[in-house]
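Notes for the one structure printed next.
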Amino acid sequence: MCYWQFRVLNLKHLTLVLLCCCNFNFAQQDTSSLASAKKIRLDEAILLGIKNNRQLKLANTDLAIANENVSQAKIAKMPRLSLNGGYNYIGDPKLYDGFYESQVTVDYYNHQAFANIISTLPIYSGNAINTRINQQELITQMQESAVKMTEADVKNAITEQYFTLEKLYRQIEVTKQNIINTDIRISQLKSRVNNGQNLKSDLLRTELQQSNFKVSVFRSTNTIQLISNYLDILIGFPTNTILKPEVVESMIPTENINLQDSLEEAFQNREEIKRAEVRIKLSESSLSLTKSGFKPNLNANLILNTEYPAQWPNYVNILNYWAAGLSLNWDLSSFYNLKHRISGDKLEIDKSNIALEVTKDQISTEVKNAYVRYAESKENIKTYKKDVELSMSNYKIVKSRYDNDFALISEIVDAELQLNNSRISLVNANLDLIIQYYSLQYAMGKL
């Protein structure tokens, strides 16, 4: 019974190896595409993102529109100038006596024309014009903050994907070295199996281990292509460009960062807080604009006029005149119909103040999370370095025992898997530290 179970187990292993082998050639072909990957530095990627990112271009366009709106609002202080003119053809009019009892046809001049130029200059409008200009300037400040926030988001996204990409390349390097090692052991096992020193299952187990390594490389290669595609979009490259980061050890941060200092810098630098403060000013400006409705409007007027004919029936006269004066407009109904609008504006100010506090709470949470992850990553590196040392020592001991026929193949496979995992964990920990450092810089508003 045990013999048949052993044969079935061997057949399962062999089937799995054959299925995996169907993907190996494709995986190797796909991995070869990484050899032509375009190398790129982090600072280069960030500069390209600032220059080419479409979201950032949209934000800058909104800022340009806001600046134009400020200029448009300032034009309200300029005098308004209008030119009016007209021409009429008049038929001979008829004068009736009584109720259409008799009529007299008047030989009237059939052509009539007039023209005038009217100029109006606002003198006083309850400060409404200045308030509208101030509102547009505040909106421009908000758009400036939006540009800076978008730029920070783009930098953060590029940085995170950049080092995630480097993780995958490092994992592939470690795993490929393990594939080379298993190739050597497989060739040795084949000879030992033929000599009866090892069971066929030992060879199948090692081949299965190598299959897992190759599948890991295949998956990492596909993920590299996906992340490269996302980075291409962020920095404006053609989407089929495979990227290869250039990361050096000096990029690993070593500085100690204080949590309280991080919070203070975040409250000082984050554009979200500045944007919330501007929103409060904008709400106050809306209240001021509403209250301006209580006040009168005073304008200076200038009129130049000409008409021909000026009178009827003495149509031979031409009338030219000019006039200058003041006009006053005061909507007295505003004293009772603006009451609810003012109450709404005051509530909007309260809402903006609450939103500012909510924003501060969110930023405080982001900074603390980033700080904890950064400190955690630093400690993880120490742990994973120790893990690599221990797993390497264990692997050497097990390999020595295996070479002297004192250990099973399962033991050497487990030791090698443990070493592989600890190496990859250390690689990930080093790059996670860089990612968390930039995340903390982003949370502090310094990215």
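The values are calculated or read from the model by the stated rules, or taken from the named source; none is laboratory data. Keep in mind that what you see is a predicted model, and the values were worked out from it rather than measured. Reconstructed Cβ throughout: ideal geometry from the backbone, glycine too, with neighbour counts over all protein chains shown. Note: accessible area is taken over every heavy atom of the protein model, side chains too, but ligands, DNA and RNA are not part of it. Shrake-Rupley method; radii C 1.70, N 1.55, O 1.52, S 1.80 Å.
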Among Leu204, Leu138, Leu328, determine the one that fluctuates most according to a GNM of the chain built with springs between C-alpha atoms less than 10 Å apart. Leu328
Per 0.36 nm of contour for each residue apart, how much would the distance between Thr254 and Asn60 grow if the chain were fully extended, relative to their Cα-Cα spacing? 66.3 nm
Distance (nanometres) between label positions extended 7 Å along Cα→Cβ at Ser82 and Glu376: 6.8 nm
Positive dipole terminus of the chain, leading residue within Leu338, Gln72, Ser400 (C-beta point charges): Ser400
Give a quick list of chymotrypsin sites (Phe, Trp or Tyr not before Pro) in segment 397-447 that DSSP marks as loop, anything other than H, G, I, E or B, with at most 12 other Cβ atoms within 10 Å. Phe406
Within the accessible area of the chain, what % is carbon and sulfur when the probe is 1.4 Å and the other protein chains stay in place? 54 percent
Can you sort Asp350, Asp387 by solvent-accessible area, 1.4 Å probe, largest first? Asp350, Asp387
For the chain, set up a GNM with springs between Cα atoms under 10 Å and report which of Ser36, Ser262, Ser250 has the largest fluctuation. Ser250
Mean-square fluctuation check for the chain, GNM, Cα pairs under 10 Å: which of Ala113, Ala66, Ala429 is largest? Ala113
Which of [x] 0.93; [y] 1.09; [z] 1.34 is the computed Rg/Rh (Cα atoms, Kirkwood Rh) for the structure on display? [z]
Hey, what's the chain come to in accessible area per residue, 1.4 Å probe, Å²? 59 Å²
The ³J(HN,Hα) series, computed from each phi in segment 330-347 with the Karplus coefficients 6.51, -1.76 and 1.60 at θ = phi - 60°, rounded to the nearest Hz and given as x for glycine or proline, is 9, 7, 5, 5, 5, 5, 10, 8, 9, 4, 6, 5, 5, 4, x, 5, 5, 5
Among residues other than Lys77 whose Cβ falls under 15 Å from its Cβ, what is the net charge (Lys/Arg +1, Asp/Glu -1)? +2
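Work out the FRET efficiency for Ser187 and Ser393 from their Cβ-Cβ distance, taking R0 = 22 Å, and round it to the nearest 0.05.
Values: r = 26 Å, r/R0 = 1.17.
Efficiency computed from Cβ-Cβ geometry: 0.30.
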